[in-house]
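These notes are about the structure you will find just below.
The values are calculated or read from the model by the stated rules, or taken from the named source; none is laboratory data. Every value quoted in this text rests on a predicted model; they were computed, and no experiment measured them. Cβ placement follows ideal geometry from the backbone for every residue including glycine, while neighbour counts extend to all protein chains displayed. Accessible surface is based on the protein model in full, side chains and every heavy atom, while ligands, DNA and RNA are left aside. Shrake-Rupley method; radii C 1.70, N 1.55, O 1.52, S 1.80 Å.
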Amino acid sequence: MALPKKYDPKTSEAKWAKFWDKEKIYAFNPKSRAEIYSVDTPPPTVSGKVHIGHAFSYSQQDFVIRFQRMLGKNVFYPFGTDNNGVATERLIEKTRKIKARDMDREKFAKLCLDELEKNLIPKYEADMKRLAISCDYDIFYTTIDPHCQKISQKSFIDLYNIGREYRKDAPAMWCPECETGISQVECRDEEIQSTFNDLVFKINGKNLIIATTRPELLPACVAVFYHPKDKRYSSLKGKKAKVPLFDIEVPIMPDERADPEKGTGIVMCCTFGDQTDMEWQKAHNLPIKEAITKDGKMTALAGKYEGMTIKEARKEIINDLKSQGLLITQKPITHAVNVHERCGTEIEYVKSKQWFIKYLDLKKQMLTWGKKLNWFPPHFVSRYNNWVKGLQWDWLISRQRYFGIPFPVWYCKECEEIIIAKEKDLPVDPLKDKPPIKKCPKCSCTEFIPEKDVLDTWATSSLTPRLAIELMSPAIQKKIYPMNMRPQAHDIITFWLFNTVVKSNMHYKKNPFKDVMISGWLLDPKGRKMSKSRGNVIEPTEVIDKHSADALRFMSAGTKLGEDLPYQEKDVVTGMKTITKLWNASKFAFMHLQDYKKTKPTKLEFFDKWILSKLHRIIKNSTDSFLKYEYSRTRLDVEKFFWQTLCDNYLEIVKDRLYNPDKRGQFNRQSGQHALYETLLAVTKLFAPIMPFITEEIYQDFFKKLEKDKSIHISKWPEHDKKMIDSKLEEAGDTLIEIIAEVRKAKTAASKPLNSPTTELIIDCNPALHKYIESAKEDLKAVTKAEKIEFGKGETKIREGLDLTIKL
């Protein structure tokens with residue numbers, strides 16, 4: 001069957017996406033005896049629609065997974081969505097114009113689930129299929145479904161039972177905007193403009209100047225500290241300082257954590273401005289004063305500033321300090337401040353009862369766990385190591401949110417004894433379900449208070465290997481875990497990867513996966529991160545509509561793994577040009593392969609051996625590159641081979657034999673047919689992981705009738721045969737290509753068409769090359785249109801060892 005004149009990606013891509021789905025091309029087969037390749041698929045956060053960053057990173061992981069499938073492996077590549085956290089909650093609040101805090105929690109959760117099931121999840125799945133992400137979509141989980149809730153709650157119970165979890169009423173990082181506690185991993189540093197304010201504290205009527213960026217915390221000041229070696233302030237030990245604007249006195253004490261070089265060298269301790277304040281409070285048993293509410297307002301402790309937002313209070317307090325002569329100087333600064341990565345709000349430290357996973361004592365083991373992983377690229381292990389070394393907090397896992405997985409916990413109303421759910425009852429919701437006991441084992445009270453908090457989304461997302469494999473039978477689970485590969489972007493090494501490694505080692509004493517594939521970011525054309533606020537977001541659906549999914553994937557293969565890439569439409573256009581060229585080359589080839597019976601000739605012509613030698617070299621290099629996750633090297637090598645070696649040269653050389661079997665002989669034509677078939681089939685397969693739609697179209701149109709595999713994507717990856725590689729023959733062939741190029745150049749310089757005759761071609765070369773040229777003489781005459789080829793003295797030196805005379 002002849003290919004249509006023009007390739008239509010819109011029609012073709014929709015057709016093959018439907019075909020793959022219907023025929024279960026990417027299905028994992030639990031009954032297969034083939035080697036399993038298991039993937040801990042990143043579940044995208046369902047908070048709107050698939051963005052171009054998804055298209056970029058998911059395509060890169062899909063390149064490798066498709067390659068592994070073509071190696072004959074039974075690929076376990078599930079599809080999940082992450083939707084039990086703040087992102088989903090905020091999306092529903094925005095789209096439905098409601099506030100979760102104003103609704104019954106159960107009703108709000110139902111709204112979220114309805115929106116996810118009816119609209120968001122089906123849209124994400126459809127978009128992923130449109131991108132040709134080759135998951136087994138029947139192996140599906142969503143991090144809020146009962147299956148995942150059960151696994152997440154069981155994880156909590158297991159860690160609690162081994163003493164790795166505790167609940168504590170203590171200061172913790174808090175987001176006033178989201179009104180929830182957050183963990184260290186959910187913070188990011190942001191450069192913010194502020195001022196250093198030199199304030200006047202009083203000691204027996206004398207001024208003591210203390211610098212601060214947070215004057216709104218003055219009502220929560222509980223002490224003043226200086227470094228014990230700082231002689232400027234050593235005489236103040238044991239004295240008390242009066243806090244400006246507020247009629248309170250606080251002790252002055254030495255502590256090595258005070259920095260003599262910062263500000264005035266003496267610092268106020270407030271509960272709580274930062275982690276050092278918390279350390280001071282604990283070390284010196286200082287009182288706790290709370291000046292800020294959980295929604296970011298000033299408390300009654302602030303007096304007339306009560307009810308103001310933090311920024312409003314800061315402004316008013318500074319004005320009052322100025323009017324009373326208690327503000328000496330102000331110095332503008334830009335400093336790094338911790339903000340919540342979800343909403344960008346500056347975090348506070350608020351005292352509240354929270355659940356934690358204890359893991360600071362495991363930092364040494366964490367480094368060992370990271371070292372055991374195979375990192376691709378290797379340098380990203382340093383990001384993991386730096387995170388571990390910088391850990392200062394246990395993992396805060398409770399969230400004061402409305403949509404999430406409930407803690408399987410109740411508390412005794414009288415003594416606050418912790419009551420944990422039974423595993424057989426999971427999943428449970430303490431707000432609806434009763435505890436597993438009727439009276440407290442400690443005080444015999446019969447009333448219980450349900451835990452209202454929900455688990456941190458990362459406490460569940462860190463279990464993704466288990467969420468996926470526990471959809472399978474226990475026997476299969478043993479074969480899948482640890483998984484072969486975890487693909488993910490570099491920005492969540494400290495989120496998802498680290499927490500998954502920690503959880504797996506706590507539960508199972510082993511890493512959850514062997515290889516880690518770290519992708520970079522797709523940036524805007526100016527190299528900036530894409531964001532709605534900047535207005536520089538590029539929609540993947542628009543790129544696909546304008547060009548094709550294959551072209552977008554081709555662009556995604558254009559950068560090394562782990563590297564960020566500025567989006568350039570010209571790279572997508574290059575992909576479309578390659579698609580068109582592959583289509584046209586296939587049309588030409590199939591026209592001459594209609595009578596090909598896949599019978600290898602007893603003898604091959606010189607240029608057929610040359611192309612096959614180069615092909616097998618490319619197959620080896622491409623296979624080696626894919627095994628090292630170097631998909632960009634495969635794309636580059638195959639692209640170059642396809643355009644230059646196959647299309648620019650070999651097809652032009654073999655044309656005469658294919659078109660003129662009567663003149664050149666049927667045997668010579670069959671040799672060319674064999675080389676052309678093998679080369680084009682291999683190139684199509686080598687391109688298949690990167691451009692799955694166009695390669696499927698070409699395979700189904702012609703190759704399937706001879707190869708018999710249902711889809712190119714479950715066909716066998718090309719095998720390298722070292723016996724087919726002949727370096728000397730390749731070198732001789734490359735020289736012949738040089739000669740052909742010189743003849744073309746001469747005709748162009750003479751303003752003659754390339755198909756005009758060459759009267760005589762005289763070649764002066766070494767004897768070894770002479771032998772090869774004799775064997776390729778008829779092809780050389782045909783492609784150069786030479787009437788006569790002789791060996792003798794060449795007039796023009798092309799390079800050392802090669803002189804030519806070209807007579808037109």
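In this structure, is Lys529 open to solvent by 40 Å² or more (accessible area, probe 1.4 Å) and under 30 Å from Val64 (Cα atoms)? Answer is yes for this residue. From the set of residues in the stretch 220-262 that are farther than 20 Å from Gln281 by Cβ and among the small types (Gly, Ala, Ser), which is surrounded by the most Cβ atoms within 10 Å (Cβ to Cβ)? If we take residues in the stretch 220-262 being farther than 20 Å from Gln281 by Cβ and among the small types (Gly, Ala, Ser), then Ser234 is surrounded by the most Cβ atoms within 10 Å (Cβ to Cβ). Evaluating Asp230 against the criteria (1) under 30 Å from Glu177 (Cα atoms); (2) out of contact with any strand residue (DSSP E or B) (no Cβ under 7 Å at 6 or more places or on another chain) leaves one unmet condition, (1). Taking the stretch 155-216 and the strands (runs of 3 or more DSSP E) fully enclosed by it, the elements with 2 or more residues that are closer than 30 Å to Glu416 by Cβ and touching a Lys or Arg at 6+ places or on another chain (Cβ under 6 Å) are at 165-175. Of all the criteria given as (1) out of contact with any strand residue (DSSP E or B) (no Cβ under 8 Å at 6 or more places or on another chain); (2) of a type in the set (S, T, N, Q); (3) open to solvent by less than 30 Å² (accessible area, probe 1.4 Å), the one not satisfied by Asn385 is (3).
For Ser504, indicate whether it is polar (S, T, N, Q) and either more than 26 Å from the chain's Cα centre (by Cα) or outside any helix (DSSP H, G or I) (or both). Spelling it out, it is not the case that Ser504 is polar (S, T, N, Q) and either more than 26 Å from the chain's Cα centre (by Cα) or outside any helix (DSSP H, G or I) (or both). Counted as qualifying within the stretch 386-458 are the strands (runs of 3 or more DSSP E) with 2 or more residues that are closer than 20 Å to Ile357 by Cβ, namely 409-412, 418-420. Criterion applied to Ile288, Ile310 was being open to solvent by 50 Å² or more (accessible area, probe 1.4 Å), within 21 Å of Ile347 (Cβ to Cβ) and in contact with a strand residue (DSSP E or B) (Cβ under 7 Å, 6 or more places away or on another chain), and the one residue passing it is Ile288. Within the stretch 434-456, restricting attention to residues that are within 38 Å of the chain's Cα centre (by Cα) and either among the charged types (D, E, K, R) or closer than 15 Å to Tyr160 by Cβ (or both), which residue is surrounded by the most Cβ atoms within 10 Å (Cβ to Cβ)? In this case the residue turns out to be Asp456. Scanning the stretch 452-503 for residues that are farther than 26 Å from Arg401 by Cα and either of a type in the set (Phe, Trp, Tyr) or without any contact (Cβ under 8 Å) to a residue 40 or more places away in the chain (or both) returns Pro474, Ala475, Gln477, Lys478, Tyr481, Pro482.
Being open to solvent by less than 50 Å² (accessible area, probe 1.4 Å), farther than 24 Å from Phe693 by Cβ and touching a Gly at 6+ places or on another chain (Cβ under 7 Å) is a condition met by no residue of the stretch 46-54. Among all residues of the stretch 480-496, there is none that is more than 25 Å from the chain's Cα centre (by Cα) and assigned to a helix (DSSP H, G or I).
Of the residues making up the stretch 403-426, those that are out of contact with any strand residue (DSSP E or B) (no Cβ under 8 Å at 6 or more places or on another chain) and of a type outside the set (D, E, K, R) number 2. With respect to the conditions (1) open to solvent by less than 20 Å² (accessible area, probe 1.4 Å); (2) under 28 Å from Thr599 (Cβ atoms); (3) in contact (Cβ under 8 Å) with a residue 60 or more places away in the chain, Phe703 lacks only one, and its number is (3). When Arg130 is evaluated against the numbered criteria (1) open to solvent by 60 Å² or more (accessible area, probe 1.4 Å); (2) without any contact (Cβ under 8 Å) to a residue 12 or more places away in the chain, which criterion, by number, is the only one it fails? If we test Arg130 against (1) open to solvent by 60 Å² or more (accessible area, probe 1.4 Å); (2) without any contact (Cβ under 8 Å) to a residue 12 or more places away in the chain, just (2) comes out false. Applying the criterion of being among the charged types (D, E, K, R), more than 21 Å from Thr578 (Cβ to Cβ) and in a helix (DSSP H, G or I) to the residues of the stretch 588-638, the residue that is least open to solvent (accessible area, probe 1.4 Å) is Asp608.
Hey, could you check the stretch 174-202 for residues that are among the polar types (S, T, N, Q) and modelled with pLDDT of 85 or more and say which is nearest to Asp247 (Cα to Cα)? That would be Asn197.
Please indicate, with yes or no, whether at least one residue in the stretch 353-364 is modelled with pLDDT under 95, assigned to a strand (DSSP E or B) and surrounded by fewer than 21 Cβ atoms within 10 Å (Cβ to Cβ). Yes, that holds for at least one residue.
Okay, residues lined up against (1) open to solvent by less than 40 Å² (accessible area, probe 1.4 Å); (2) within 27 Å of Gly80 (Cβ to Cβ):
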| position | (1), (2) |
| --- | --- |
| Lys118 | no, yes |
| Lys154 | no, yes |
| Arg164 | no, yes |
| Asp169 | no, no |
| Cys187 | yes, yes |
| Asp198 | yes, no |
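Each row is one residue, and each column tells you yes or no for (1) within 23 Å of His490 (Cα to Cα); (2) touching a residue at least 40 places away in the same chain (Cβ under 8 Å); (3) in contact with a Pro (Cβ under 6 Å, 6 or more places away or on another chain); (4) of a type in the set (Phe, Trp, Tyr).
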site: Lys31; (1), (2), (3), (4): no, no, no, no
site: Glu35; (1), (2), (3), (4): no, no, no, no
site: Val50; (1), (2), (3), (4): yes, yes, no, no
site: Gly53; (1), (2), (3), (4): yes, yes, no, no
site: Tyr58; (1), (2), (3), (4): yes, yes, no, yes
site: Asn83; (1), (2), (3), (4): yes, yes, no, no
site: Asp104; (1), (2), (3), (4): no, no, no, no
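The conditions of being open to solvent by less than 10 Å² (accessible area, probe 1.4 Å), touching a helix residue (DSSP H, G or I) at 6+ places or on another chain (Cβ under 7 Å), part of a helix (DSSP H, G or I) and closer than 28 Å to Glu179 by Cα are not met by Thr81.
Per the listing Phe667, Phe702, Phe641, the residue uniquely within 23 Å of Phe588 (Cα to Cα), at pLDDT below 95 and among the aromatic types (Phe, Trp, Tyr) is Phe667. For the stretch 96-116, filtering for residues that are charged (D, E, K, R), open to solvent by less than 90 Å² (accessible area, probe 1.4 Å) and not in a helix (DSSP H, G or I) leaves 2.
When the stretch 1-29 is limited to residues that are open to solvent by less than 60 Å² (accessible area, probe 1.4 Å) and assigned to a loop (DSSP other than H, G, I, E, B), the one that is nearest to Ile65 (Cα to Cα) turns out to be Tyr26. Beta carbons closer than 6 Å, at least 6 apart along the sequence or on distinct chains, pair a first residue in the stretch 417-432 that is farther than 16 Å from Tyr160 by Cα with a second that is surrounded by 12 or more Cβ atoms within 10 Å (Cβ to Cβ) and hydrophobic (A, V, I, L, M, F, W, C) for Val428/Ala421; Pro430/Trp410. When restricted to residues that are in contact (Cβ under 8 Å) with a residue 12 or more places away in the chain, in a loop (DSSP other than H, G, I, E, B) and either open to solvent by 10 Å² or more (accessible area, probe 1.4 Å) or in contact with a strand residue (DSSP E or B) (Cβ under 8 Å, 6 or more places away or on another chain) (or both), the stretch 654-688 contains 0. None of Ser59, Ser32 is among the hydroxyl-bearing types (Ser, Thr, Tyr) and crowded, with 22+ Cβ neighbours inside 10 Å except Ser59.
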